[in-house]
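What follows is a short report on a single structure.
The values are calculated or read from the model by the stated rules, or taken from the named source; none is laboratory data. Keep in mind that this is a model prediction, so the values were computed, not measured. Methodologically, a virtual Cβ is constructed for each residue, glycine included, from the backbone with ideal geometry; neighbour enumeration extends over all protein chains shown. When the accessible area is computed, the model is the full protein with side chains, heavy atoms only, and any ligands, DNA or RNA have been set aside. Shrake-Rupley method; radii C 1.70, N 1.55, O 1.52, S 1.80 Å.
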Amino acid sequence: MSNDGVPQKSVVNNVPSSDFAKEVEKEFGGEGIMKCIQCGMCTASCMVASMADRYRPRKLIQKILLGKREEVLSSELPWLCMTCRLCEERCQEDVNLAEIFHAVREIAAREGYVPKIFQNTINKVLEDGWLLKDAYTDFVEDDRSDLGLDPKLDWNDDFVKKVKKRYFNGGNKK
Ligand code: SF4
Ligand code: SF4
């Protein structure tokens, strides 16, 4: 506690440090995971958590810290974070949850754990070059032309192959 009564940030090494937590910590974006003190402010702040009982960011961080690798990677939960960062605004330990869950998704994707619904979305974009095909109107074409851009949104085949190789090569387990 500081002189003016404001609580200071914790400097205590308070976490169970599993191999999986260390793995996430080494992944880009996952660096802050060991700072979590499990206060629960993130869950209380999270709009996704307020809509879905099964999504609890504090608990998800706890599972990573405890080393529940298979359970976390094979779960859809890390994919439900919508990166609004409200939890990060309120976390007194400066834990960057959205980045941590992104790091977890990177590991999951490398191992073929992209949830089916996201695979379908990516496939749709790769096939059509556009997620909402009907939304690609003349207006958009005109807009692109006005900006000096090619009005066609065809995908580069090499890019498509690279994305498929990177995200779907691990043998999809979901
Ligand atoms: S608010 Fe921060 S410290 Fe508290 S549980 Fe969430 S991530 Fe951990
Ligand atoms: S960044 Fe993710 S975990 Fe944090 S409040 Fe937003 S949706 Fe919830």
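Identify all residues within region 33-46 that are within 13 Å of ligand 2 (Cβ to nearest atom), out of contact with any Cys (no Cβ under 6 Å at 6 or more places or on another chain) and not in a helix (DSSP H, G or I); write none if there are none.
36, 40
Taking region 120-174 as the region of interest, how many residues are of a type in the set (Asp, Glu), surrounded by 11 or more Cβ atoms within 10 Å (Cβ to Cβ) and modelled with pLDDT of 70 or more?
We begin by selecting, within region 120-174, every residue of a type in the set (Asp, Glu); these are 127-128, 134, 138, 141-143, 146, 150, 154, 157-158.
Filter again for surrounded by 11 or more Cβ atoms within 10 Å (Cβ to Cβ), leaving 127-128, 141-143.
Subsequent filtering for residues that are modelled with pLDDT of 70 or more retains 127, 142-143.
Here the count works out to 3.
Yes or no: region 13-30 includes at least one residue that is out of contact with any Cys (no Cβ under 7 Å at 6 or more places or on another chain), within 13 Å of ligand 2 (Cβ to nearest atom) and modelled with pLDDT of 95 or more. Spell out the reasoning first.
At the first step, the residues of region 13-30 found to be out of contact with any Cys (no Cβ under 7 Å at 6 or more places or on another chain) are 13-14, 16-30.
The next check asks that each one be within 13 Å of ligand 2 (Cβ to nearest atom); those that pass are 29.
Of the ones still in play, those that are also modelled with pLDDT of 95 or more are 29.
Checking region 13-30: at least one residue is out of contact with any Cys (no Cβ under 7 Å at 6 or more places or on another chain), within 13 Å of ligand 2 (Cβ to nearest atom) and modelled with pLDDT of 95 or more.
Here's the yes/no breakdown for (1) open to solvent by 30 Å² or more (accessible area, probe 1.4 Å); (2) closer than 23 Å to residue 22 by Cβ; (3) not hydrophobic (A, V, I, L, M, F, W, C):
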| position | (1), (2), (3) |
| --- | --- |
| 61 | no, yes, no |
| 74 | yes, yes, yes |
| 83 | yes, no, yes |
| 92 | yes, no, yes |
| 98 | no, yes, no |
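I need the full set of residues from region 34-87 which are touching a helix residue (DSSP H, G or I) at 6+ places or on another chain (Cβ under 7 Å), among the β-branched types (Val, Ile, Thr) and under 16 Å from residue 102 (Cα atoms), in order please.
Matches in region 34-87: 61, 64, 72, 83.
Pull out all pairs, ordered by first then second residue, where Cβ-Cβ is under 8 Å, the residues are six or more apart or on different chains, the first lies in region 83-106 and is closer than 12 Å to residue 60 by Cβ, and the second is within 11 Å of ligand 1 (Cβ to nearest atom) and of a type in the set (Gly, Ala, Ser).
87/45; 87/98; 95/32; 100/32
Out of the helices (runs of 4 or more DSSP H) lying entirely within region 47-106, which hold 3 or more residues that are away from ligand 1 (no atom under 14 Å from the Cβ) and in the same structural domain as residue 23 (by TED's automatic domain parsing)? First the steps, then the outcome.
Values: elements: 47-51, 57-65, 69-73, 86-90.
The helices (runs of 4 or more DSSP H) meeting that bar are 47-51, 69-73.
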